[in-house]
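For reference, the structure is listed below as structure tokens.
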Amino acid sequence: MRLAVLTLLAAAATPALAADPKPEIDRPAVEPQAVGVVHTLRQIPEACARIEGAFTGDPAEPYRYAVVRTSPNCQPRARFVDAAKARPSQAEGWVFNDLLRVPNAACPSQQAVVRVWRKPVDQTIELDGQGQSRIYVGEAKEAAAAGKIAATPMFAAEMGVEGKACGG
């Protein structure tokens, strides 16, 4: 029991999860969720992804989340990256996009907290003399070979659990 509480506290005390800036999206807490019920936390259409989560009932890992592709036919205009590797921060050009708080229906003193970060890029498209956006295959191949591929917006999510665990 003591080890589970220490593990839970260590997970909640990660530096990235400390003091939050104000997120772009202002929303109330999600409805309390039952243990074992998978629920959608957030959809990110430009990345063809949704974030799903569930309370596990396991004190060592009370909440689990995953980023799931929405459709095999969806063509993403943004990438979803691993927050542990990307280490999103405002100093690196990331924008704190969303803060999702999910109360545990079976344990009101506990909630999962998911922070979503967004890294925008300038996607201004140059128009030709006729006001059209055109991509020429030959020019695109040359640019790709030279390593001049346009940057892609990115999203990252990090999760923690806050509050006291129930039961034991």
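Structure data summary
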item	result
The range 36-89, dipole about Cα centre (Lys/Arg Cβ +1, Asp/Glu Cβ -1), debye to the nearest 20	280
Longest DSSP-loop-exposure-free segment, trypsin sites (Lys or Arg not before Pro), the chain, at most 12 other Cβ within 10 Å	1-76
Charge dipole magnitude, Cβ of K and R +1, D and E -1 - the chain, Cα centre, debye nearest 20	260
Contact order normalised by residue count of the chain, Cα under 8 Å, 6+ apart, percent	25
Surrounding net charge for Ala86, when Lys and Arg each add one and Asp and Glu each subtract one, Cβ distance under 13 Å	+3
Cα-projected label distance for Glu92 with Gln132, points at 7 Å along beta-carbon direction, nm	4.1
Qualifying lysines (Cα of each under 26 Å from Cα of Lys164; at least 8 residues distant if same chain)	Lys22
Cβ-based charge dipole, the chain, positive-most Cα from Ala106, Gly53, Leu41	Ala106
Extension reserve of the Ala29-Arg77 stretch, reckoned as 0.36 nm per residue once the Cα distance is removed	14.4 nm
Approximate spin-label separation Ala146-Val121, in nm, with each point projected 7 Å along Cα-to-Cβ	1.7
Highest-fluctuation residue, Leu127, Leu41, Leu100 considered, GNM on the chain with Cα pairs under 10 Å	Leu127
Principal-axis tilt of helix 2-12 within the chain, Cα atoms, nearest 10 degrees	30
Rounded if a/c under 1.5, otherwise prolate or oblate - the range 63-107, Cα gyration tensor axes	oblate
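We did not get these values from a lab; they are worked out from the coordinates using the rules stated. Given the structure is predicted, the values throughout are model-derived calculations rather than measurements. Counting neighbours? That spans all protein chains shown, and the Cβs are built from the backbone with ideal geometry, glycine included.
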